[in-house]
Amino acid sequence: MIDNSQTPKISFCITCKNRLYQIKKTLPQNLEDNRRLQEIVEFVLVDFGSTDGLRKWISDNFKHEIRSGYLKYFYTEEMVYWHASIAKNTAHMLAQNDILVNLDCDNYTGSNGGWFVILQFIKKVDIDNDKILNININVSGRVNPESGYSFSQFNFEERPLADVLSERLGYTVTIDNDTRAMTYGEYMQGCVKGEKDIIFVNVSWGLGIGIIIDGKIYKGKSGFSGEFGHISAFDNEIICHCGKKGCLETEASGSALHRTLLERIKKGENSILSERINMENPLTLDEIIAAVNKEDVLCIEIVEEIGQKLGKQIAGLINIFNPELVIIGGTLSLTGDYITQPIKTAVRKYSLNLVNKDSVITTSKLKDKAGIVGACMLARSRMFEGAN
Ligand SMILES: [Zn+2]
């Protein structure tokens, strides 16, 4: 059985020099807005974001073969998937001259891993190889963007992940933490309108923050800043995936929402997902978010409780940082007011009144595209900085 919860979220971006090739070469024939296909793109982006969409597509299309590994089918049928995915994202992204493509994989550097998917993608889109200047990949967990080491995910070799991928892909690769990339994406292309002191809260399967101080991303000494999810907040005996117990993330995150919902349904509470949890394939976070937005009362209650707990700790962040803007992003932000209202209420209750008057709390404008836009922007800025 595939465990969605363990699949890392990755965003991947290729930065091309200038405006290199036409969208019509890479987009499917059946897109509605042919006029826009004539536009020239500057960036090609590949998003290793939500796993749920791909798994559903695969299970719909390859019911009898999925067990032998889906990457194979992914390669052979990739254009089918890319078509669907590009069409879905076109309206949002073409305004920025970007193409978004969703890809997915469990294993990033193994012999059948995501690097190979990336390579296939590069071949498929027919980019002049000499003109790909930088690829930025967002990885969750502890990542040092300067040294290129990923410590929490894909940490299979002694060498930095960025070096391994650079070698396998044949292009310069930089990596960064996924939340930091989302923060940067939101800062560059999202809801930020000149604010310079910002906290971006990424409430997805895990919980992390991105910090912008005086207009600059704050990384900390080794790139490990923003591990908001692992502050000790509860005396709850729940072991966090970091190995400690009682972390904020154990009760205020997508994983907490998932776990709590299953527990409460098993205890006899009802939800539109009550029947769903008995099926063989595991319930996904996306399904729970959809249930919230269909006004499922149990799911809403749990999201509200998460919002309260999160808001209490965000109040602490506001006291410390005095930010001008607090952006709620990540998967749970897709529940809109269901999560932001309890956060705002808790912030009012628990932060210093004079301090919180300075802070506007808002939701991510880029939503589930924040990571990919951030990867794109980071790839570009790393290139211009001469970091490589
Ligand atoms: Zn933890």
Are any of the pairs 244/367; 216/365; 193/219; 193/221; 196/344; 221/309 more than 25 Å apart by Cα-Cα distance, and if so, which?
-> 244/367; 193/221; 221/309
Could you order peptides 350-360, 195-205, 175-185 by the average number of other Cβ atoms within 10 Å of their residues, highest first?
-> 175-185, 195-205, 350-360
Peptides 137-143, 361-367, 261-267 ordered by average Cβ neighbours within 10 Å, highest first | 137-143, 361-367, 261-267
Fewest first, what order do 333, 253, 147, 271 take by the number of other Cβ atoms within 10 Å?
-> 147, 271, 333, 253
When a/c is below 1.5 the answer is rounded, else prolate if a/b is larger than b/c, else oblate, so apply that to segment 276-388 with a ≥ b ≥ c taken from the square roots of the Cα gyration tensor eigenvalues.
-> oblate
Using a simple spin-label model with points 7 Å from Cα along the Cα→Cβ vector, what separation in nm is obtained for residue 365 and residue 337?
-> 2.2
By the scheme Lys and Arg +1, Asp and Glu -1, what is the net charge of all other residues having a beta-carbon under 10 Å from that of residue 271?
-> -2
Rounded to a whole number of µm²/s, how large is the Stokes-Einstein D of segment 217-310 at 4 °C and 1.567 mPa s, given Rh as the Kirkwood radius over C-alpha pairs?
-> 89
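Every read-out reported here was derived from the displayed coordinates using simple, explicitly stated rules and does not represent laboratory data. Quick caveat: nothing in here was measured; it's all calculated off a predicted structure. Cβ coordinates were reconstructed from backbone atoms using ideal geometry, including for glycine residues, and neighbour counts include every protein chain displayed.
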